[in-house]
1. How far apart, in nm, are the 7 Å Cα→Cβ label points at Ala55 and Asp112?
2. Need the full-extension length gain, Asn36 to Thr94, defined as separation in residues times 0.36 nm minus the C-alpha distance. One decimal, nm.
3. Treat the count of other C-beta atoms within 10 Å as a stand-in for reagent exposure and order Ile114, Ile72 from fewest to most.
4. Which net charge results when you count Lys and Arg as +1 and Asp and Glu as -1 among the other residues whose beta-carbon is under 11 Å from that of Lys45?
5. So how much slack lies between Lys45 and Phe128, counting 0.36 nm per residue of separation and subtracting their Cα-Cα distance, in nm?
6. Using 7 Å Cα-to-Cβ label points, what is the Gln79/Ala121 separation (nm, one decimal)?
7. Starting with the fewest neighbours, write out His62, His135 ranked by other beta-carbon atoms found within 10 Å of each beta-carbon.
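What follows draws every value from the coordinates through simple rules; no lab data is involved. What you are looking at is a predicted structure, and each value in this text was computed from that prediction instead of being measured. Cβ sites come from the backbone with ideal geometry, for glycine too, and all protein chains shown count toward neighbours.
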Amino acid sequence: MLRHLAFVLLLCAAGCAPKFERPNLAVTGIEMRGGNLLQQKFLVKFQVQNPNQRALPVNGLHAELSVAGERIASGVSNQSFVVPPMGQKDFDITITANVALALLKLSSQPGDSIDYQVTGAADLDLPFMHDLPFHQTGSLSLKQFH
């Protein structure tokens, strides 16, 4: 009898648990922020949208920037923030690029823009989901490099 009661309570708890929808993480912009002959810094802007009824605590983020399939930049942030329930939060991270590799890739790209991809993950402070991976592609104007 005790087993049956425990089983019924477990089923009720599982059925009563609130549904969690995966948050959306998107790159909203990339800006060159200076540097020197060996390194270039980019500010990558993100937006997290939380479609859930509970807050989404984020502990940090790591990201990589690739051009023509080659990783040219990476960065990490331990900036913590909370995305409100049914809300969104903008944040950014500075990543450092290998300019020699970036220039080589830029010189091989025809036209006025270069295709890129940003990948990485946000570190969530949730018991059932620790990483929120992201992958986004886009195009960056080469005019800002002249």
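1. 4.6
2. So the chain would gain 19.4 nm between Asn36 and Thr94.
3. Ordered from fewest to most neighbouring Cβ atoms within 10 Å, Ile114, Ile72 come out as Ile114, Ile72.
4. Every neighbour counted, the sum reads -3.
5. Gain on extension, Lys45 to Phe128, equals 27.3 nm.
6. Modelled inter-label distance: 2.1 nm.
7. Least crowded to most crowded, the residues run His135, His62.
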